[in-house]
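A short worksheet on the structure shown next.
Every read-out reported here was derived from the displayed coordinates using simple, explicitly stated rules and does not represent laboratory data. Keep in mind the model is a prediction, meaning the values are calculated, not measured. Here the Cβ is made from the backbone with ideal geometry for all residues, glycine too, and neighbour counts use every protein chain on show.
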Amino acid sequence: MSATQNAGEAELRQRLDAFLAAARENEITLKKFQTLELELMSSADLPTLLERLLRNAPERFDCDVVSLEIFDPQFEIQRMLIEISRTLESQVLEIIYHDNQHHFVALYEGLTIPVLGSYDPKRHGDCFRTTGVTAPASVALLPLMRGQEYLGSLNLGSRQVDRFETGSATDFLQHIAAVIALALENACNREQLKHLGLIDPLTGINNRRYFDQRLPEEVARARRARTPLSCLFIDIDHFKRINDQHGHLVGDEVLRTAALRIREQLRSIDFVARYGGEEFTVLLSNTPDKLAREVAERIRLRIAGAPVNLMDQATLSLTVSVGVGSLKNFPTDQAAGALAAQLVKQADTALYNAKSAGRNRIA
């Protein structure tokens, strides 16, 4: 066999070995992303979906930084995530919200396919807000589409200049982007349906069902953190008389006004719910009984401080009675549900005492 033939066979073996190595690497990559697809499509809720998508994402996508941008015109998704999981935003998940489509249109120049190339700080600076000192050298931007509308963008950044090169094959990235977009849209729709089922349609605040679900969770969280938890029961005084004398439309306006004024006095980590009829309940995290009484007094004064404007330009004075209950000791031998029931009983009994003592007061 000639030297030329030996050299040819060696080159052929090298090519074959390189081909087989690339095939094995592609197979591993394909299995990895098939696993990701199954995880995303089986996510029971929006936080789980985002957790699975973004947790360990740099390792999954073989890059250095990953961020998710979401089109959220009314910031409903952001509010839902805050209500569902307060800790989500404090973790390593980088989520950026936009209230209009301008950012995405400019980013993709109207295209609906992945964009790969060098990092441009002017164009891509808003895509990565927590990258630290070292900015990526190359990026891959995956548009998340619903028809011709941008749901968001998954942004991958690498410190390697040649990791994401312009003109690289984008079919696979486009496929994974379509899967992510579908999973994101489905998860958001499910959360919105659940959210609607937990909202009182008249006042726009949470309903009794939401309160009953959230209360044991808050008790369990307070016990773990060893922080006090307080509950207010608020009842509109003489509400039946208002309905009888002015009609139910006026009664509805009174309920809406009371709900709004209560919300104005609360922090973002607190929540109010319509417990039933003319009764509201407020849950105050990390709040001892003395501070809870101060919040209750602010609410009482706010509601009594200005009359309710009615449809015929008339006004109606309004007062409320408030019962305050607090937990600061959490026995380990009591379940969260039992402690929750204890807190509700305290606040409910205090409300009864306030009304019995003449109304328009706190007990």
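Observations on the structure shown:
- Relative contact order of the chain, taken over Cα pairs closer than 8 Å and 6 or more residues apart, is 13 percent.
- Added length on full extension, which subtracts the Cα-Cα distance from 0.36 nm per residue, A135 to L316: 59.2 nm
- In this label model, Q14 and K290 are separated by 8.1 nm, measuring between points 7 Å along each Cα→Cβ vector.
- Whether region 184-282 is rounded, prolate or oblate, judged on the alpha carbon gyration tensor where a/c under 1.5 counts as rounded: oblate
- Listed by chain and number, the aspartates and glutamates placed with their C-alpha closer than 18 angstrom to that of K31 are E39, E59, D62, D171; residues fewer than eight positions away on the same chain are left out.
- Estimated 222 nm signal from helices in the chain, with DSSP H stretches of n ≥ 4 weighted -39500 (n - 2.57), rounded to 500: -16000 deg cm²/dmol
- Relative to the dominant Cα principal axis of the chain, helix 171-196 is inclined by about 10°.
- Label zone at K31, where the point sits 7 Å out along the Cα-to-Cβ direction: region 52-68 residues whose backbone N lies under 19 Å: 59-62
- Residue among L38, S356, I95 farthest towards the positive dipole end of the chain, charges placed on Cβ: S356
- Placing dummy labels 7 Å off each Cα toward the beta-carbon, the span from K122 to D62 is 3.2 nm.
- Distance between modelled label sites at R256 and A220, nm, 7 Å Cα→Cβ extension: 3.7 nm
- Most mobile listed residue (A341, A178, A273) in the chain, GNM with C-alpha springs under 10 Å: A341
- For the pair S356 and Q101 in one chain, pulling the backbone fully straight at 0.36 nm per residue adds 86.2 nm over the alpha carbon distance.
- Against the chain, whose longest principal axis is taken from its Cα atoms, helix 336-356 shows a tilt of about 30°.
- As a calculated quantity, the FRET efficiency between F75 and A304 at R0 = 30 Å, using C-beta atoms, amounts to about 0.40.
- Working ranking of peptides 149-159, 180-190 by packing, defined as the average number of other Cβ atoms within 10 Å per residue, highest first, is 149-159, 180-190.
- Compared with the alpha-carbon gap, the fully stretched path from F172 to L38 is longer by 46.7 nm at 0.36 nm per residue.
- Hits among lysines - C-alpha to C-alpha of K290 under 16 Å, sequence gap 8 or more where chains match: K328
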